[in-house]
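A.B. asks: This is the structure, below, for whatever I ask next.
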């Protein structure tokens, strides 16, 4: 017969995200001019006691004397604490309900505010052990019940000795007083809970770390609200991705590692092991060889528009979903294009360089307004179409060419061929994607077809322009001015030299691939891509993926969601349903989408199922990846 299991859980900074007495101070001291000073003193006393550096009893008295609290403040405190229950605690109500008889809240805090919070999670009032306040005749809090062992140093040890629990005892808490229970031999295991605060002195003593309640439940095979602890999901972000992305992933509970620059293929092959989510920008290449070293990779996030640096078919074959940010930096690129068009029409760069050398060259020769000029846009996607709107607002005549039929905005006019657009346009701006077929689409013939003295911009992809031809067109005067933001070969880091034949040419603006490098764009991207990735991890949604069949799924409620990725061959769906039928599993909903290479099947089932079902589904021929959500 197996032993009973008992769970001893701390309250402050474990069940809740905060220390309750610190929160009480925020309420009672709100009008005190020394509020911040007093609150810091309270926090310092709390931390000293929690780290085992000072007497808990003395610290408790000191904190209460500083609080100047009254009984009427407690309801406000309870309201605050209800909104600050730890995230992993809040989502695992089923655990608390199922094990209510065996869960004990043992805290050096106070029952008056602990009981209303934890009983809402099914914890029994008789299993709550904490201090109680003492009041004067006006309801002022003047102290605590000194007969309660939990107000004493090593009080939790004394309490556990009195409880004399017969079975396996597990302690979950963030403070040294929680560790002392294990140290005294009264618990089988102590887990240092670090979701809200990480105390070095406690972690140093702990044999087990619980970054969340999910991890504690997972390790001990207890009922969980989610399929897999988020702290076990590793995220690698390269190339100075905006801190907002780091924040979002960390808030979700993922383990996040960042690298400032790009990684070479060899370096990435070494670093990709055990990584579940990879975030890159334009310099890092995700090749088939990299994917062969990726044993846990589920998602790649391109924190930019382009995905030509990613082997999308290889990702598809490996069951790795890729997301990018097709809209987030559109405005930034368009504004740069507009600014550069004006600067090139006015010869600003050359005049500015002369001014820095002390040369006063005041002349209108070769300087033109952009109004009434003909702008030719090659590639009428998100950026090209928005550029047309802003350019038209400045009085330009807009023409565009795209191999795909696009709805023109405003008065923009479509050209049937690229040659037609080049012959018409005073200014040509490229906004095509990075597909291999676009390599060197601009070469000698294209530059020859342009008007003499035209202006040329490339803010799209470096490999779409044959640089030697552009250099020759500038030197010959065929092209009056050019702006280039992207290059066939770009330095991997800011420490490498930029080498190009375009350097030093007149009326040429060179920028280091910064079309989307604005604070607004990078923050937009850093919000968009992680949210797409986390939606896929949490629900299976592949909407807006650039390589996978796109599925938008309903919210998962009171069910298990089976995610099956397989080669697109006949019979897989039939095999999936055969396995489900043989295991007597009831299907609540099923969703299927395929492309030329893979099939993506989502099946929502009743919660009750035999564990053999999972192995059977993984064993279906042509399976690439399988996972379960709940």
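A.B. asks: Angle check, please: helix 572-582 long axis (alpha carbons) against the longest principal axis of the chain (alpha carbons), in degrees 0 to 90, nearest 10.
C.D. replies: 10
A.B. asks: I need the calculated FRET efficiency for the pair residue 220 and residue 612, taking r as the beta carbon distance and R₀ as 25 Å, to the nearest 0.05.
C.D. replies: Efficiency at R0 = 25 Å is approximately 0.65.
A.B. asks: Enter the angle in degrees (range 0 to 90, nearest 10) between the Cα long axis of helix 243-252 and the first principal axis of the Cα atoms of the chain, meaning the one along which they spread out most.
C.D. replies: 40
A.B. asks: Further question: Would you mind classifying the stretch 17-97 by shape? Square roots of the alpha carbon gyration tensor eigenvalues, ordered a ≥ b ≥ c; an a/c under 1.5 is rounded, otherwise it is prolate if a/b is larger than b/c and oblate if not. Could you put the intermediate results ahead of the total?
C.D. replies: Numbers: a/c = 2.29, a/b = 1.38, b/c = 1.65.
Oblate shape, in that a/c is at least 1.5 and b/c is the bigger or equal ratio.
A.B. asks: Taking Cα atoms, how many degrees apart are the long axis of helix 330-345 and the longest axis of the chain, rounded to 10 and kept between 0 and 90?
C.D. replies: Approximately 30 degrees, to the nearest ten.
A.B. asks: Taking the highest mean first, how do the peptides 519-527, 80-88, 319-327 order by number of other beta carbon atoms within 10 angstrom per residue?
C.D. replies: Numbers: 519-527: 19.2, 80-88: 17.3, 319-327: 22.6.
Descending packing order for the listed peptides: 319-327, 519-527, 80-88.
A.B. asks: When DSSP beta bridges are limited to those with both residues in the chain, what percentage is antiparallel, rounded to the nearest 5?
C.D. replies: Among the beta bridges of the chain, antiparallel pairing accounts for roughly 30 percent.
A.B. asks: I need the peptides 24-31, 372-379, 455-462 ranked by packing, meaning the mean over residues of other C-beta atoms within 10 angstrom, with the highest value on top. Let's see the in-between values first.
C.D. replies: Values: 24-31: 17.2, 372-379: 22.4, 455-462: 24.4.
Highest mean packing first, the order is 455-462, 372-379, 24-31.
A.B. asks: Rounded to the nearest 0.05, what FRET efficiency do residue 359 and residue 440 give with R0 = 35 Å and r taken as the Cβ-Cβ distance? Could you check?
C.D. replies: So, using R0 = 35 Å, E works out to roughly 0.40.
A.B. asks: Can you give me the Cα centroid spacing of the stretch 560-615 and the stretch 51-93 in angstrom?
C.D. replies: Measuring centre to centre over Cα atoms gives 48 Å.
A.B. asks: If the viscosity is 0.890 mPa s and the temperature 25 °C, what Stokes-Einstein diffusion coefficient in µm²/s follows for the stretch 330-517 when Rh is the Kirkwood radius over Cα pairs? Walk me through the numbers before you get to the answer.
C.D. replies: Values: Rh = 16.8 Å.
It comes out at roughly 146 µm²/s.
A.B. asks: Still on this model: Mind ordering 244-256, 393-405, 99-111, 496-508 by average Cβ neighbours within 10 Å, highest first?
C.D. replies: Numbers: 244-256: 18.3, 393-405: 16.4, 99-111: 20.8, 496-508: 13.1.
Result, highest mean Cβ count within 10 Å first: 99-111, 244-256, 393-405, 496-508.
A.B. asks: From the square roots a ≥ b ≥ c of the eigenvalues of the alpha-carbon gyration tensor of the stretch 87-140, which class results: rounded (a/c under 1.5), prolate (a/b over b/c), or oblate? Don't skip to the answer; put the middle values down first.
C.D. replies: Numbers: a/c = 3.05, a/b = 2.29, b/c = 1.33.
It is prolate, given that a/c is not under 1.5 and a/b is the larger ratio.
A.B. asks: Further question: Find how many whole Å separate the alpha carbon centroid of the stretch 99-165 from the alpha carbon centroid of the stretch 297-313.
C.D. replies: Centre-to-centre distance over Cα atoms comes out at 53 Å.
A.B. asks: Next up: For the stretch 324-373, just say rounded, prolate or oblate: build the C-alpha gyration tensor, square-root its eigenvalues into a ≥ b ≥ c, call rounded for a/c under 1.5, and beyond that prolate if a/b exceeds b/c, oblate if not.
C.D. replies: Verdict is oblate for the stretch 324-373.
Where a number appears in this text, it was derived from the coordinates with a stated rule and is not lab data. The structure presented is a predicted model; accordingly, all values stated were derived computationally and were not measured. A quick note on method: Cβ atoms are made from the backbone with ideal geometry, for glycine too, and the neighbour counts reach across all protein chains shown.
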